[in-house]
Amino acid sequence: MPWFIKSKTSEEKRKPVKDDIWVKCGSCNAHVFKEDWFNSLSVCPKCGFHGRLTAYERIGQILDIDTFKEMFGRISPSDPLSFVWTRGSYKDIVKQTQDKTGLNESVVCGIGKIHDIPVSIAVMDFRFFGGSLGSATGEKILLAANYAYEHKIPYIIFSASGGARMQEGTLSLMQMAKTCAGIARLREKKIPYVSVLTDPTTGGVIASYAMVGDVNIAEPGALIGFAGRRVIEQTIRQKLPDNFQTSEYFLEHGFIDLIVERKKLKDTLKNVLQYYNR
Amino acid sequence: MNDYFDFEKSIAEMEKMIEKLKSISPDQNHYNDEIAELEKKCALQKQELYGNLTAWQTVQIARHPKRPVLLDYISLVFSDFVELHGDRSFGDDQALIGGFATIGKRRVMLIGHNKGKNVDENIKRNFGQAKPEGYRKALRLMRLAEKYNLPVLCFIDTQGAYPGIEGEERGQPEAIATNLTEMARLEVPIIALITGEGGSGGALAIGVGDSVLMMSHSVYSVISPEGCASILWRDASFSPQAAEALKPTAQSLLALKVIDEIIPEPLGGAHRNYEQTSQEIKRVLLKHLKRLSAFSTSKLLKLRFEKYSAMGLFSD
Ligand SMILES: [Zn+2]
């Protein structure tokens with residue numbers, strides 16, 4: 001079985017377990033020294049499994065040193081529906097998540113350089129409500145697109161998301177239209193937009209800005225798909241193959257251009273952007 | 001005879017009693033007073049009930065098996081419909097149909113989901129759950145509308161995009177994402193009307209309108225109450241609670257500025273009076289067509305961009 005076809009698919013099993021000294025790989029269960037794990041960009045040295053990154057880890061790996069300038073960082077969720085469920089109120093859980101992650105929302109935006117090419121960049125962070133797309137996320141992704149539009153620089157989005165955020169109801173759904181409106185406008189000024197899909201990119205995010213890049217790039221073995229696995233299995237009443245809804249499946253079916261290993265991602269982005277001939 | 005929900009039981013009983021009294025004395029002498037009294041009481045109770053529906057009750061009415069579907073509206077609201085088939089790439093999705101249509105004196109492109117009303121129709125129409133080829137057909141027709149300078153009217157009524165292997169294989173997310181992106185810049189007016197269920201991305205994929213309208217007993221939501229309950233409550237039996245929490249009703253969404261106008265339904269729901277429902281739809285659509293036709297293309301696109309830029313509530 002190729003290394004990228006994981007035998008475990010549940011969300012919990014995919015997460016690398018970290019403690020003080022070592023990291024347990026989310027795929028092959030190998031114990032890797034923490035230092036080695038980070039030196040290999042959170043990719044398992046034993047099996048090549050690509051672990052999830054925080055938004056700032058990703059920015060550190062992709063942008064030239066000291067070029068990142070964060071923007072729109074104050075924008076954060078409100079609680080437009082006064083949403084309450086078994087875990088408590090959305091408002092309280094947002095606060096707890098902000099304290100725990102140090103993030104205001106599920107996306108970090110700003111400008112920086114990739115091998116000296118200036119870009120506007122938006123990086124999602126799965127730790128914040130499963131990277132879900134809420135009103136503040138949509139606003140930031142739109143503003144970063146608008147910045148690219150106004151300054152005529154390429155726009156890059158790194159997606160990592162379970163989809164639209166249920167706790168903001170239909171307003172979350174509208175963020176799919178809002179972000180795509182920003183992407184659509186880039187075409188008028190012929191501004192490049194590259195979408196990078198990382199583990200996981202599903203639901204309302206794969207069905208909006210993540211899928212409409214000029215070039216769509218995915219990391220190996222990422223969970224990529226629209227409907228939840230369980231929903232599909234209930235609809236068709238049969239088990240799905242393990243490689244269903246992976247980067248490789250999407251490449252095979254013609255919906256992404258490239259699968260790129262993390263260590264080659266920055267160079268690949270540069271290679272793509274250098275063909276922008278305007 | 002109408003189908004009644006549990007919460008309509010007392011109304012159902014009263015209506016049955018009225019029918020019975022009327023049938024006892026068809027010449028209408030004997031029980032006239034009683035009938036009049038009952039009818040008055042029944043009307044009052046209906047007003048009380050349908051004016052204060054819970055979100056979950058609204059969901060049920062929006063899904064009523066006898067609720068009018070697009071094919072009903074095609075004959076009651078429009079004339080000269082020319083159905084156009086196929087996405088020119090894979091096939092023709094019967095869950096999402098469209099074609100040239102005339103409303104009043106205005107010519108438009110009409111696109112919409114079409115649920116079935118019985119088992120056979122629902123198999124043919126896949127319960128109004130479109131596959132990628134359906135959304136691609138919709139986009140093809142929108143492009144054609146742009147070429148012919150026709151406004152686009154989208155009638156939305158779906159639980160959601162079809163969640164199956166074929167959907168994933170043929171790029172359901174790409175089809176939806178492309179529609180959202182293309183509709184953002186389509187150079188003709190777009191009016192979206194949620195007639196029944198506005199289910200998530202499968203609804204929005206034909207829902208990016210300059211005017212977005214909802215029938216008074218329709219719902220529009222990021223996820224079904226059942227889906228939300230089974231994820232957040234870990235138990236689908238909490239669907240009524242999830243429905244309240246998601247605020248998917250027309251009234252809530254007007255307040256949140258997701259939609260522009262509510263089209264009132266006859267008392268008890270659209271299924272009680274197709275004719276009246278259709279007249280209201282026609283009146284409101286013509287009003288919005290007139291309003292949007294006044295804008296130049298650049299003004300229209302500017303307003304559309306501003307409208308979607310303003311969607312959402314957050315703190316800054
Ligand atoms: Zn490993």
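A short reminder: the numbers here are calculations on the coordinates, not readings from a lab. Keep in mind that this is a model prediction, so the values were computed, not measured. A quick note on method: Cβ atoms are made from the backbone with ideal geometry, for glycine too, and the neighbour counts reach across all protein chains shown.
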Pop a pseudo-label 7 angstrom from the Cα along the beta-carbon direction at both B:L144 and B:Q276 and give the gap in nm to one decimal. 3.6 nm
Quick check on chain A: helices-only [θ] at 222 nm, where DSSP H runs of length 4 and up contribute -39,500 (n - 2.57) each and the sum goes over total residues. Nearest 500, please. -10000 deg cm²/dmol
Under a Cβ-Cβ limit of 4.7 Å, which cysteines in chain A have nobody to pair with? A:C109, A:C180
Residues A:V32, A:V123, sorted so that the one with the fewest Cβ neighbours within 10 Å comes first: A:V32, A:V123
Return, ordered by residue number, the residues of region A:155-190 whose backbone nitrogen is under 17 Å from a label point located 7 Å along Cα→Cβ of A:Y276. A:155-159, A:182-190
Which length gain, in nm to one decimal place, applies between B:D6 and B:A43 when the Cα-Cα distance is subtracted from 0.36 nm times their residue separation? 11.5 nm
Within 15 Å, Cβ to Cβ, of B:G86, how many net charges do the neighbouring residues add up to if Lys/Arg are +1 and Asp/Glu are -1? +2
Taking only the Cα positions of region B:49-158, the convex hull volume per residue in Å³ is 123 Å³
What's the exposure ranking of A:D116, B:D210, going from fewest to most Cβ atoms within 10 Å? A:D116, B:D210
Under a 5 Å amide H to amide H cut-off, with H placed in plane at 1.01 Å, what residues pair with B:G198 once short-range neighbours are removed? B:T158, B:V219, B:Y220, B:S221
Point-charge dipole on Cβ atoms (K/R +1, D/E -1) for region B:6-52, about Cα centre, debye to 20: 40 debye
Cβ-defined net charge surrounding B:K287, 15 Å radius [Lys, Arg +1; Asp, Glu -1]: +2
Place +1 on the Cβ of every Lys and Arg and -1 on the Cβ of every Asp and Glu in region B:70-169, take the dipole about the Cα centre, and give the residue among B:N149, B:S75, B:A101 whose Cα lies farthest towards its positive end. B:N149
Pick from B:Y73, B:Y135, B:Y31: which residue has the top mean-square fluctuation in a GNM of chain B where Cα pairs under 10 Å get a spring? B:Y31
XL table A:K178/B:K302; A:K140/A:K178; A:K152/B:K299; B:K105/B:K282; A:K189/B:K307; A:K190/B:K147; Cα-Cα > 18 Å flagged, in table order, is A:K152/B:K299; A:K189/B:K307; A:K190/B:K147
Region A:52-276, dipole about Cα centre (Lys/Arg Cβ +1, Asp/Glu Cβ -1), debye to the nearest 20: 260 debye
Convex hull over the alpha-carbon atoms of region B:1-119: what's its volume per residue in Å³? 185 Å³
Might you report the magnitude of the Cβ-based charge dipole of the protein assembly as shown about its Cα centre, with Lys and Arg at +1 and Asp and Glu at -1, to the nearest 20 debye? 1240 debye
If you build the convex hull over the alpha carbons only and average its shadow over all orientations, what do you get for region A:52-276? Give it in nm² to one decimal. 12.5 nm²
Environment charge of B:L256, counting only residues whose C-beta is closer than 10 Å and scoring Lys/Arg +1, Asp/Glu -1: +1
The ratio Rg/Rh over the Cα atoms of the protein assembly as shown, Rh being the Kirkwood inverse mean 1/r radius, stands at 1.01
If I take R0 = 51 Å and measure r between the Cβ atoms of A:K34 and B:N122 in this structure, what FRET efficiency does the formula 1/(1 + (r/R0)^6) give, to the nearest 0.05? 0.40
For chain B, the charge dipole (Cβ of Lys, Arg +1; Cβ of Asp, Glu -1; about the Cα centre) points to a positive end, and the Cα of B:T178, B:S239, B:L21 closest to that extreme belongs to B:T178
So how long is each side of chain B along the principal axes, counting just the alpha-carbon atoms, biggest first, in Å? 65, 51, 46
Ordered by fewest other Cβ atoms within 10 Å, a rough proxy for footprinting exposure, B:F155, A:F33, B:F238 read A:F33, B:F238, B:F155
Could you give the length gained on full extension between A:R74 and A:R237, defined as 0.36 nm per residue of separation minus the Cα-Cα distance, in nm? 54.1 nm
Furthest towards positive pole of dipole, A:T201, A:G88, A:I191, structure part region A:52-276, Cβ charges: A:G88
Where in region A:173-211 is the amide nitrogen less than 16 Å from a point lying 7 Å along the Cα-to-Cβ axis of B:E187? A:185, A:187-190
